[in-house]
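**Q** Just passing along the structure, written as structure tokens.
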Amino acid sequence: MGISKIYESLQDYDKAIAQFEKTLEIDSKCTEGYEALEEFFEKLGKYEEAIEAYQKYICHLVSGDKKQFKSIRKKIKNLKK
């Protein structure tokens, strides 16, 4: 994910998204990847894609992490407004 972080620091979110998507092809359980995708999609105004990334993130959370689950559900609700 190093290259992704470089693109993020340059605010080149399209390239960062492409790199995180490649990471997720290799490791679909990488929750950091989904969280990053949501952030980048939101910054680009791509709210449907952000919601989709959050929903995938939720699917990969540890079932006992209720606090984080609630936080993500709240963010999804706000994106749908």
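The values are calculated or read from the model by the stated rules, or taken from the named source; none is laboratory data. All values derive from a computational prediction rather than experimental measurement. Neighbour counts run over all protein chains shown; Cβ positions are idealised from the backbone, glycine included.
**Q** For the subset of the stretch 1-39 comprising residues that are of a type outside the set (D, E, K, R), assigned to a loop (DSSP other than H, G, I, E, B) and in contact with a helix residue (DSSP H, G or I) (Cβ under 8 Å, 6 or more places away or on another chain), which member is modelled with the lowest pLDDT?
**A** So the residue we want is 1.
**Q** Looking at 21, 49, 25 in this structure, which one is of a type in the set (Asp, Glu), surrounded by fewer than 14 Cβ atoms within 10 Å (Cβ to Cβ) and under 12 Å from the mean Cα position of the chain (by Cα)?
**A** None of the others qualify; the one that does is 21.
**Q** Would you pick out the residues in the stretch 40-81 that are small (Gly, Ala, Ser), more than 24 Å from residue 11 (Cα to Cα) and part of a loop (DSSP other than H, G, I, E, B)? Show your work before the answer.
**A** To start, the set of residues in the stretch 40-81 that are small (Gly, Ala, Ser) comprises 45, 50, 53, 63-64, 71.
After this cut, where a residue has to be more than 24 Å from residue 11 (Cα to Cα) as well, the list is 63-64, 71.
Residues satisfying the conditions are 63, 64.
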